[in-house]
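K.L.:
There's a structure below that I have some questions on.
The values are calculated or read from the model by the stated rules, or taken from the named source; none is laboratory data. Only a predicted model underlies this, so the values are computations on that prediction, with no experimental measurement involved. Neighbour counts run over all protein chains shown; Cβ positions are idealised from the backbone, glycine included. Ligands, DNA and RNA are excluded from the accessible area calculation, which covers all protein heavy atoms including side chains. Shrake-Rupley method; radii C 1.70, N 1.55, O 1.52, S 1.80 Å.
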Amino acid sequence: MRPLFLLRWSGRDLRRRWLQVIAIALIIAVGTGVYSALGSTATWRRESNDASFEALGMYDVRVKTAEGVDASEGSMVAVLGGLPDRGDIADAEERLVVPTQVDASTPDQQILVPGRIVGVDVRDGGPRINKVWVAAGDGRTLTALDANADTAVLEDNFASFYGLPPSGSLNVAGRSVEYVGKGLSPEYFFIVTEEGGFFAEANFAAVFTSLSTAQTLSGRPDRVNDLVVRVRPGADPHVVAQQIKSAFAGSGLAVTVMERRDEDAYRLLYDDIEGDQKFWNVFAGLILAGAAFGAFNLASRMVEAQRREIGIGMALGIPRRELMLRPMLVGVEIAVLGVVFGVGMGLVVDALLASVFTGMLPLPVWHTAFQPATFARGAALGFMLPVIATAWPVWRAVRVLPVDAISTTHRSARGGLSRMLRHLRHPRSTWARMPVGNVLRTPRRTLLTAFGIAAAVVALISILGMLDSFVDTMDRNDREVVGQHPDRVAVAMEGFHDANGPEIAAIRARPSVGAVEPVLRFGGRLLVAGREPVEVFVDAIDLGNDVWTPTVERGAIAADRGGLVISQEAAADLGVGPGEVVTLEHPAQRGNGLELVQTPVQIAATNPSPFRFSTYLDRSQLATLGMPDVVNQLYVLPAPGSTPQDVQRSLFGQPTVASAQPVAASSQVVKDSLDEFVGVFRVLELFILLLALLIAYNATSINTDERQREHATLFAFGLPLRRVLRMDIVEGLLIGLLGTVLGVVGGLLVLRWIVTALIGSTMPEMGLAVTLSPSTVATAFVLGVLAVAIAPLLTIRRLRHMNIPNTLRVVE
């Protein structure tokens with residue numbers, strides 16, 4: 001057979017089944033397009049991070065003075081003059097960065113949050129290092145005219161969270177300040193701070209202003225406490241940092257020297273790429289597996305539909321390898337079409353994901369360009385899938401005897417599991433038993449179709465199950481943190497204070513303040529031989545108080561018995577339980593300072609917090625740990641008739657209060673951040689739905705082709721169209737039910753692996769429980785069962801216009 005003849009013959013096959021060919025190509029396109037697009041996200045984010053940090057002149061080295069320490073303006077830059085390699089410094093700027101409280105309240109909402117005043121050098125039209133960027137339409141950035149003026153730029157993440165306009169008024173450090181724009185700076189691309197915590201855009205506000213204005217607002221004229229440095233191209237920032245550290249060690253000024261990698265926003269944005277890419281690889285693989293099953297199933301059934309033609313060719317003596325060329329060429333042509341569609345599909349997914357990522361991470365520069373290398377890998381997979389899917393059934397078809405291949409469909413379909421029909425008492429009607437018989441008679445075809453549906457359902461269950469698991473974890477955290485008092489307010493203090501001192505007494509005396517529980521929070525580590533250390537935050541409270549105490553899951557807590565209350569997640573990771581002893585590494589008072597010590601402590605109980613860092617201790621045990629009986633936080637309940645907002649307003653501006661936030665608000669911030677993150681999953685859900693519908697349509701369409709003689713026979717015996725359709729729908733319902741059950745079970749196994757293995761290694765601080773909500777299971781059944789069951793309705797036109805005599809004659 002000549003190549004041109006083969007091309008024309010394969011082209012005829014494609015035209016005859018053009019709808020099925022398009023559907024198979026689209027199935028491949030969905031799998032490879034999503035795979036390619038998700039694979040591009042890591043490159044996008046890395047390139048966007050690089051460009052954004054460079055565009056705003058992110059520092060290479062930063063020098064921060066100790067808390068409460070500052071220096072005269074110009075003195076920090078002067079220290080750099082003594083460096084051995086002064087020429088390695090390309091630029092340096094002094095700043096004043098001080099904590100404050102910000103009142104950004106509007107007529108519609110009360111916004112009282114902790115924040116920072118960031119005073120920068122505006123003499124050259126704004127800072128040259130760690131610039132403040134303002135997007136078009138969001139106002140303007142700082143200029144030289146803002147020196148000594150009560151003007152500022154408000155951090156964009158905070159402003160956008162509350163929907164604040166591009167300009168307006170703020171109350172900062174008890175003084176009215178006009179903000180002229182909403183801006184971004186490299187330190188605040190991702191908000192994680194000591195004052196606001198993680199995902200802190202709702203409860204932390206950075207205010208950028210001129211250095212002179214910051215000095216006035218903070219009451220520190222001509223003082224600075226921060227130095228940012230850029231090194232020249234080719235110089236080693238680490239070497240420069242070590243030289244700067246040595247220079248300041250001899251200056252008498254207590255400082256901390258940081259490199260760019262030490263900045264939380266910088267580190268988390270880059271570290272997050274690798275962790276997220278693991279998620280996307282898993283889900284892309286699941287979708288690609290669904291496409292592979294669908295293509296394999298449908299391509300093999302197309303080849304089986306040509307079984308008699310292959311049998312006739314073998315009977316005429318045509319070599320088997322030549323008979324394989326034509327269907328293989330069809331597979332190659334479908335593969336090429338799938339690759340073309342896959343590129344287009346990938347561009348669509350690219351556009352959808354780009355909008356999600358740019359909304360979730362508002363960087364000043366985003367690179368979401370087409371990634372040729374990633375799409376080349378996706379195209380290679382998209383080409384291989386239909387070719388491999390076609391090769392196996394073709395090889396299987398040419399290995400049978402010609403007489404078996406030529407046998408008519410109704411003879412070759414006998415056997416399988418059809419004997420099971422004898423043991424079925426119901427249904428009794430012949431027409432009702434036919435769909436069951438069709439499913440049992442061809443178990444391989446039934447399983448292939450079911451596996452195609454199951455693969456799509458596995459991907460759906462995995463994605464929706466992840467969302468369910470995150471939501472359930474946040475709900476468990478809410479139940480634990482909020483407890484019996486959802487109106488509880490967490491008050492962070494400036495420094496440490498005596499629990500019975502005048503500062504705490506002044507807070508208790510406020511009319512809006514009800515019950516007050518003193519808290520000492522300090523960091524530490526739990527150590528067990530042979531186990532990885534667990535970082536914890538220890539809250540020392542009166543474990544018998546009426547404001548809030550941790551819930552006990554195992555063990556018991558009592559002030560007179562002492563011991564730690566740790567999260568169940570920490571207990572599981574350390575392999576310990578109530579009654580066992582761990583080593584607590586913690587700060588202890590030694591002379592006039594603090595140093596880290598290790599103290600054996602018994603585990604009194606575990607609590608159900610999903611975060612393993614949650615640890616509690618009765619205040620009576622502080623002396624045993626060598627800790628002073630002081631307070632740096634308060635749990636506050638509003639007085640009768642007052643609200644948490646009243647408490648916030650009452651404590652705003654207090655010199656000893658760093659922040660006052662309702663605990664319910666902090667939980668809502670995490671949920672809102674999670675909603676942004678799951679936007680990617682919503683995009684994937686859309687394409688999984690499309691994948692399942694395509695598999696369902698093609699399965700039904702090919703099934704209709706294979707059953708032409710059967711349908712023609714039923715019509716010849718007088719069965720109406722509605723009864724024939726009903727039998728096809730019942731058959732699809734049975735196959736869809738089988739595929740959905742397999743998919744739900746497989747999805748649950750994959751979800752369990754993702755939660756325990758993948759998330760357990762990338763997010764060890766969070767104890768994510770495997771959760772499937774009823775709505776997720778219902779969605780899977782609607783997709784897997786109904787989509788396949790209603791697909792026969794798409795064949796009504798073909799069945800209605802069937803030429804019964806010709807169909808019977810051609811088949812025979």
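K.L.:
Hey, among 129, 111, which residue is β-branched (Val, Ile, Thr) and surrounded by 22 or more Cβ atoms within 10 Å (Cβ to Cβ)?
P.N.:
Being β-branched (Val, Ile, Thr) and surrounded by 22 or more Cβ atoms within 10 Å (Cβ to Cβ) holds for just one of 129, 111, which is 129.
K.L.:
Here is a further query. Is it the case that some residue within segment 316-324 is closer than 26 Å to residue 19 by Cα and open to solvent by 30 Å² or more (accessible area, probe 1.4 Å)?
P.N.:
yes
K.L.:
How many of the residues making up segment 432-447 are over 15 Å from residue 733 (Cβ atoms) and in a helix (DSSP H, G or I)?
P.N.:
Here the count works out to 5.
K.L.:
Any residue in segment 365-382 that is closer than 13 Å to residue 288 by Cβ sitting within a Cβ distance under 7 Å of a residue that is open to solvent by 60 Å² or more (accessible area, probe 1.4 Å)? List the pairs, counting only those 6 or more apart or interchain.
P.N.:
378/35; 381/35
K.L.:
Quick check on segment 743-799: of everything there that is among the polar types (S, T, N, Q) and closer than 30 Å to residue 271 by Cα, which residue is modelled with the highest pLDDT?
P.N.:
771
K.L.:
To continue, here is another question. Against the definition (farther than 30 Å from residue 174 by Cα, at pLDDT below 95 and open to solvent by 50 Å² or more (accessible area, probe 1.4 Å)), how does residue 646 come out, yes or no?
P.N.:
Considered against the rule, which asks whether it is farther than 30 Å from residue 174 by Cα, at pLDDT below 95 and open to solvent by 50 Å² or more (accessible area, probe 1.4 Å), residue 646 comes out as no.
K.L.:
May I ask you to verify whether residue 664 is assigned to a loop (DSSP other than H, G, I, E, B), in contact (Cβ under 8 Å) with a residue 40 or more places away in the chain, open to solvent by 20 Å² or more (accessible area, probe 1.4 Å) and among the hydrophobic types (A, V, I, L, M, F, W, C)?
P.N.:
Answer is no for this residue.
K.L.:
Just name the residue that is least open to solvent (accessible area, probe 1.4 Å) out of those in segment 63-106 that are more than 42 Å from the chain's Cα centre (by Cα) and either small (Gly, Ala, Ser) or within 29 Å of residue 161 (Cα to Cα) (or both).
P.N.:
Among those that are more than 42 Å from the chain's Cα centre (by Cα) and either small (Gly, Ala, Ser) or within 29 Å of residue 161 (Cα to Cα) (or both), it is 71.
K.L.:
Identify all residues within segment 771-799 that are under 23 Å from the mean Cα position of the chain (by Cα) and either of a type in the set (Asp, Glu) or buried (at least 17 other Cβ atoms within 10 Å of the Cβ) (or both); write none if there are none.
P.N.:
771, 772, 776, 777, 779, 780
K.L.:
Filter segment 106-152 down to residues that are part of a loop (DSSP other than H, G, I, E, B), among the acidic types (Asp, Glu) and either under 21 Å from residue 218 (Cβ atoms) or touching a helix residue (DSSP H, G or I) at 6+ places or on another chain (Cβ under 8 Å) (or both), then give me how many there are.
P.N.:
Selection size over segment 106-152: 3.
K.L.:
Moving on to the next point. Would you confirm whether or not segment 152-159 contains a residue that is β-branched (Val, Ile, Thr) and either within 17 Å of residue 94 (Cα to Cα) or over 31 Å from the mean Cα position of the chain (by Cα) (or both)?
P.N.:
no
K.L.:
Then there's this: State whether the residues of segment 620-634 include one that is open to solvent by 20 Å² or more (accessible area, probe 1.4 Å), under 26 Å from residue 496 (Cα atoms), hydroxyl-bearing (Ser, Thr, Tyr) and not in a helix (DSSP H, G or I).
P.N.:
No; the residues of segment 620-634 include none that is open to solvent by 20 Å² or more (accessible area, probe 1.4 Å), under 26 Å from residue 496 (Cα atoms), hydroxyl-bearing (Ser, Thr, Tyr) and not in a helix (DSSP H, G or I).
K.L.:
Could you list, ordered by first residue, the pairs with Cβ atoms under 6 Å in which the first is in segment 435-448 and closer than 14 Å to residue 393 by Cβ and the second is assigned to a helix (DSSP H, G or I) and not hydroxyl-bearing (Ser, Thr, Tyr), at least 6 apart or interchain?
P.N.:
448/297
K.L.:
Here is a follow-up. Being surrounded by 17 or more Cβ atoms within 10 Å (Cβ to Cβ) and within 18 Å of residue 311 (Cβ to Cβ) narrows it down to one residue among 354, 397; which is it?
P.N.:
Selected residue: 397, the only one of 354, 397 that is surrounded by 17 or more Cβ atoms within 10 Å (Cβ to Cβ) and within 18 Å of residue 311 (Cβ to Cβ).
K.L.:
Among the candidates 494, 503, single out the residue that is closer than 16 Å to residue 660 by Cα and in a helix (DSSP H, G or I).
P.N.:
503
K.L.:
Separate question: Just to be sure, is residue 211 aliphatic (A, V, I, L, M), closer than 30 Å to residue 40 by Cα and out of contact with any His (no Cβ under 6 Å at 6 or more places or on another chain)?
P.N.:
No, not satisfied.
K.L.:
Mind counting the residues in segment 219-267 that are under 42 Å from the mean Cα position of the chain (by Cα), surrounded by fewer than 14 Cβ atoms within 10 Å (Cβ to Cβ), at negative phi and not hydroxyl-bearing (Ser, Thr, Tyr)?
P.N.:
Here the count works out to 8.
K.L.:
Further, regarding this structure: Assess whether residue 546 counts as being among the charged types (D, E, K, R), open to solvent by 50 Å² or more (accessible area, probe 1.4 Å), at pLDDT 90 or above and within 38 Å of the chain's Cα centre (by Cα).
P.N.:
Against the criterion (among the charged types (D, E, K, R), open to solvent by 50 Å² or more (accessible area, probe 1.4 Å), at pLDDT 90 or above and within 38 Å of the chain's Cα centre (by Cα)), residue 546 does not qualify.
K.L.:
Can you find a residue in segment 562-571 that is surrounded by fewer than 21 Cβ atoms within 10 Å (Cβ to Cβ) and over 26 Å from residue 496 (Cβ atoms)?
P.N.:
yes
K.L.:
Could I ask something else about it? Anything in segment 201-218 that is open to solvent by 10 Å² or more (accessible area, probe 1.4 Å) and assigned to a loop (DSSP other than H, G, I, E, B)? List them, or say none.
P.N.:
201, 203
K.L.:
Select, from 727, 802, the only residue that is assigned to a loop (DSSP other than H, G, I, E, B) and either modelled with pLDDT of 85 or more or open to solvent by 20 Å² or more (accessible area, probe 1.4 Å) (or both).
P.N.:
Only one candidate qualifies: 802.
K.L.:
Separate question: Tell me, please, whether a residue that is without any contact (Cβ under 8 Å) to a residue 24 or more places away in the chain, outside any loop (DSSP other than H, G, I, E, B), more than 27 Å from residue 139 (Cα to Cα) and in contact with a strand residue (DSSP E or B) (Cβ under 9 Å, 6 or more places away or on another chain) can be found in segment 225-234.
P.N.:
For segment 225-234, residues without any contact (Cβ under 8 Å) to a residue 24 or more places away in the chain, outside any loop (DSSP other than H, G, I, E, B), more than 27 Å from residue 139 (Cα to Cα) and in contact with a strand residue (DSSP E or B) (Cβ under 9 Å, 6 or more places away or on another chain): absent.
K.L.:
Given the conditions (1) touching a residue at least 40 places away in the same chain (Cβ under 8 Å); (2) open to solvent by 30 Å² or more (accessible area, probe 1.4 Å), and given that residue 475 satisfies all but one, which numbered condition is not satisfied?
P.N.:
Answer for residue 475: the failing condition is (1).
K.L.:
Taking segment 710-724 as the region of interest, how many residues are assigned to a helix (DSSP H, G or I) and open to solvent by less than 70 Å² (accessible area, probe 1.4 Å)?
P.N.:
Selection size over segment 710-724: 9.
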